[in-house]
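Written out below as structure tokens is the structure these notes cover.
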Amino acid sequence: MALGGNLPGSAGDCAEVLTQALAEIQANGFCVHAVSRYFRTPAFPPGSGPDFVNACASIRGTGTPAAFLALLHRIEADLGRVRQERWGARVIDLDLLAVGAQILPDLETQTRWQSLPVADQMRLAPDQLILPHPRLTERGFVLIPLADIAPDWVHPVTGETVAAMVLALPEGEKTAIRPLGQANGGASALVNPGAAP
């Protein structure tokens, strides 16, 4: 899953809000298996707000992907997310990126949403869960944190690994994404210490 935000919330600054979201996921019975470093990333589209703090996490648990997504939406609301403008500034954004090699709801829907022109991406939102996330392959602010925890994960549609997708990103985009160092506070404490990497 991916986490991001560019506005402070009741839990604190952007990094603290992300850490609180991970704690809430864990409190709801899921194992936070691994967490990437936190990264500062430029807002997209350019000029749409302050820089984001982004991260990715590997989560383990039971239940359907749709039920987990519903939990993520509840956590977003609890942490102060208000959905006013697509791709606007926000306290928290939690996205389900993938569940193993599942393709949901089907390959045709996945392909249609993945190939949408940018203008349509900015105004249209799917009315159902699409996995893998249709923008996953092109977003450095997702791929670079994801490479911290799952560089060898293979996209079930493109056949590319996360590491290969990162290599294909424009150099300027990669250099604009900078790790926050130790600014992610207690995120590492949420990782199951007995879990394999």
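For region 2-190, rounded, prolate or oblate, judged on the Cα gyration tensor with a ≥ b ≥ c (square roots of eigenvalues), a/c < 1.5 rounded, else prolate if a/b > b/c?
Verdict is rounded for region 2-190.
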Legend entry - Proxy reagent accessibility, fewest Cβ within 10 Å first, across 142, 82: 82, 142
Inset, instruction - With r as the distance between the Cβ atoms of residue 89 and residue 167 and R0 = 30 Å, compute the FRET efficiency 1/(1 + (r/R0)^6) and round to 0.05. - result: 0.50
Inset, instruction - Using the number of other C-beta atoms within 10 angstrom as an exposure proxy, rank 133, 155, 73 with the fewest first. - result: 73, 155, 133
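What number, in percent, do you get for the relative contact order of region 2-190 if the mean sequence gap of Cα pairs under 8 Å and at least 6 apart is divided by its residue count?
Computed value for region 2-190: 29 percent relative contact order.
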Legend entry - By average C-beta atoms within 10 angstrom, highest first, the peptides 30-43, 100-113: 30-43, 100-113
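Read-outs throughout are calculated quantities, based only on the coordinates presented, and are distinct from any laboratory measurement. Only a predicted model underlies this, so the values are computations on that prediction, with no experimental measurement involved. So basically every Cβ, Gly included, is an ideal-geometry build from the backbone, and we count neighbours across all protein chains shown.
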